[in-house]
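Structure first, commentary second.
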Amino acid sequence: MDDTTIICSKEDETRRMLTRLNDLMSWCRMEFKPRKSCSLSIRRGKVDEATTFTVAEQQIPTVNQEPFKSLGKWYDSSMKDISCGAETLEVASESLLAINKCGLESKFKIWGLGPTTAKWWSKTEGKEKRDMIIDEIRNKEDSTRVQKAVQQPQQGQWKNWDTSIQRSLTWNDIWLRAPLRISFLIRSVYDLLPSNANLVRWGKNDDPTRPLCQGRQTTEHVLSSCKVALSQRRYTWRHNRVLQERASVISTAKGEIHPSSTSSTVFSTEGGVKKWHGGSIPINTHRKGLLDDCDDWVVSADLPEWEKHPDVIRKTALRPDIVIHSASTQKIIMVELTVPYESRMEEAHAFKEGKYLDLTKELKKDCYEAKVIPVEIGARGFVGSSAYGLLSKLSIGGNKRTKALRLLAETAENSSRWIWSRRNEGLLHND
């Protein structure tokens, strides 16, 4: 603490207090700085400018002589806040002008600030009032469900999936999908699949081990942690299936043109048809993506039927899953796919970033502009936020992005369901 505030009701008490504090500071081999201090005397509700105080044989400036600033606000002898509003507007205007003149992109600037309109129950009617009731009930039920999930260490594990995107089952999904597929998805999320560990917990079995590897058979073990399944390339088979879809999506985005809509707007009325020939403004404006700098991008994937990686990558010991490279600009984008258990997405992302850090440095030494983008697709079909971000950077948005993410999720889910169905078999495929 380096600030001291003294409040006294009498002038002589204040002077004695200052003298005592000065003696204590001298004993501690410290001293006050009167020029950085300020005094204020009030008599009968008015500021007394004639009364001054001294410390360390130096006069303390009064508020009338030198206004002081505390917590971002200036105080003067008027002791009023009338001028604070004008000062705030002036500072805000100057700051906004300075931000507008800087070289930041538009999305990093402050263009407007204002309070949102509050909805009052007494002023609403009809559908708006019904929506308020529905929202309140839904928020209450969601809060109750979350509180219950936090208390469940097994069924509430989904609360720890911080980097996965929420996935919803629509009535159309329930109607079109097979019952076994929906059952696997729901029970795998809440860890209710009939693994040997769960069967022992439910009193239906006595041995929790897995016949394939003699390890404890849990949902996580079967879908992502079994060493025997890893050696049999079961997880590699699932990884390659998702990688195939991911590479196909990226290859379609290469060199794609995003024209802006400028067609005329047509209005139909009772008297006929009227046209407004002004250009329509697109709501979703196209942002600059990673593939917009040139048109000679080549997509290669670490799959047998795909084109091989460029020589600058093949001469190293690492093999990224997908490489997007341009010879004219010497740019390389490496996409590394992982299909981990949803609770280990963050760990997998950090591991892949560290794995290709040295390769990125080597490419930069060879005058290449290299970038590594790790992507995670959960083993149970929950897409990581990194996959969403990659498609956005490649200028894939709207319905195309939604369909691509759904395709990746369903591919991972279907592959994991097949791995689960063969959990006690010696081979993933009989052929």
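Here residue 426 passes the criteria (1) more than 19 Å from the chain's Cα centre (by Cα); (2) of a type in the set (Gly, Ala, Ser); (3) farther than 18 Å from residue 247 by Cα; (4) surrounded by 16 or more Cβ atoms within 10 Å (Cβ to Cβ) except the one numbered (4).
The single residue among 353, 305, 347, 342 that is modelled with pLDDT under 90 and within 30 Å of residue 226 (Cβ to Cβ) turns out to be 305.
Condition check ((1) modelled with pLDDT under 90; (2) farther than 25 Å from residue 385 by Cβ) across all residues:
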{"position": "165", "(1), (2)": "yes, no"}
{"position": "168", "(1), (2)": "yes, no"}
{"position": "171", "(1), (2)": "yes, yes"}
{"position": "176", "(1), (2)": "yes, yes"}
{"position": "193", "(1), (2)": "no, yes"}
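If the condition is being assigned to a helix (DSSP H, G or I), touching a residue at least 60 places away in the same chain (Cβ under 8 Å) and of a type in the set (Phe, Trp, Tyr), then the stretch 159-203 contributes only 184. Within the stretch 334-356, can one find any residue that is β-branched (Val, Ile, Thr) and more than 30 Å from residue 177 (Cα to Cα)? Yes, the stretch 334-356 contains a residue that is β-branched (Val, Ile, Thr) and more than 30 Å from residue 177 (Cα to Cα).
Tally up the residues in the stretch 372-413 that are among the β-branched types (Val, Ile, Thr), more than 22 Å from residue 224 (Cβ to Cβ) and buried (at least 17 other Cβ atoms within 10 Å of the Cβ), please.
2
I need the full set of residues from the stretch 387-402 which are in contact with a helix residue (DSSP H, G or I) (Cβ under 6 Å, 6 or more places away or on another chain) and not in a loop (DSSP other than H, G, I, E, B), in order please.
The initial filter retains those residues of the stretch 387-402 that are in contact with a helix residue (DSSP H, G or I) (Cβ under 6 Å, 6 or more places away or on another chain), namely 391, 394, 396, 401.
Result: 391, 401.
Within the stretch 414-423, the residues that satisfy the criterion of being hydroxyl-bearing (Ser, Thr, Tyr) and either touching a Pro at 6+ places or on another chain (Cβ under 6 Å) or surrounded by 19 or more Cβ atoms within 10 Å (Cβ to Cβ) (or both) are 415, 416.
The values are calculated or read from the model by the stated rules, or taken from the named source; none is laboratory data. Predicted model, so just to flag it, every value in this text is computed and none were measured. All Cβ positions, glycine included, derive from the backbone under ideal geometry; neighbour counts span all protein chains shown.
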